[in-house]
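Read-outs: derived from the displayed coordinates by stated rules, not from any lab. Since the model is a prediction, treat every value here as computed from it, not as a measurement. Ideal geometry is used to build each Cβ from the backbone, glycine not excepted, and the neighbour counts take in all protein chains shown.
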Amino acid sequence: MKILYISDSTLPSRSANSIHVMKMCNAFASYNHDVTLLAKNTNASICNMQSLNEFYDVKNKFNINIFPKNKFKGSGRVYNILLPFLIKNKFDFYYTRAIYPALWLSLLNKNFFLKFTNHLILKVNF
């Protein structure tokens, strides 16, 4: 199965969510799925990383696409706006933990899984 994991995490980073993203892609790849990770490059990225697989200690190989190539102020917002244009290939399954990719995937009529890790709290004032 071809899986596209659309991350809202900055890579490379020492944050827990970026570690989780890499470990999830590693787990998908361990079941012989063709996995591609799409992640963003922001000013919070760690510079001069040689190998993301070594940094995150992942054993299985999967494709990693980081956008944009050069980080700049506001590059995270540009990533979220341009997501529909970054989803080029045909995938069998789309996975995300972020609301903006889920919005774009639903507008593009793609089958996807959205995982929330926090409780949603909706406050309505009448």
>> Need the full-extension length gain, residue 70 to residue 93, defined as separation in residues times 0.36 nm minus the C-alpha distance. One decimal, nm.
In response: 5.5 nm
> Order of 88-98, 9-19, 52-62, 106-116 by packing, highest average Cβ count within 10 Å first?
Replying inline: 9-19, 88-98, 52-62, 106-116
>> Ignoring everything except DSSP H segments at least 4 long, calculate the 222 nm mean residue ellipticity for the chain; use -39,500 (n - 2.57) per segment, divide by total residues, nearest 500.
In response: -9500 deg cm²/dmol
> Please state the equivalent ellipsoid semi-axes for the range 36-97: what are the square roots of 5 times the Cα gyration tensor eigenvalues, largest first, in whole Å?
Replying inline: 20, 19, 9
> What net charge is computed for the residues neighbouring residue 7, neighbours being all others with C-beta under 13 Å from the C-beta of residue 7, Lys and Arg scored +1, Asp and Glu -1?
Replying inline: +3
> Residues with beta-carbon under 13 Å from that of residue 34, excluding residue 34: net charge, scoring Lys, Arg +1 and Asp, Glu -1?
Replying inline: +2
> When the Cα centres of the range 72-110 and the range 14-28 are compared, how far apart do they sit, in Å?
Replying inline: 18
>> Taking every DSSP beta bridge with both residues inside the chain, roughly what % is antiparallel (nearest 5)?
In response: 0
> For q = 0.09, 0.11, 0.23 Å⁻¹, what log10 I(q)/I(0) does the range 2-114 give under the Debye formula with an equal point scatterer on each alpha carbon and no solvent?
Replying inline: -0.21, -0.32, -1.41
> Contour minus end-to-end for residue 80 and residue 34, with contour as 0.36 nm per residue of separation and end-to-end as the Cα-Cα distance?
Replying inline: 14.2 nm
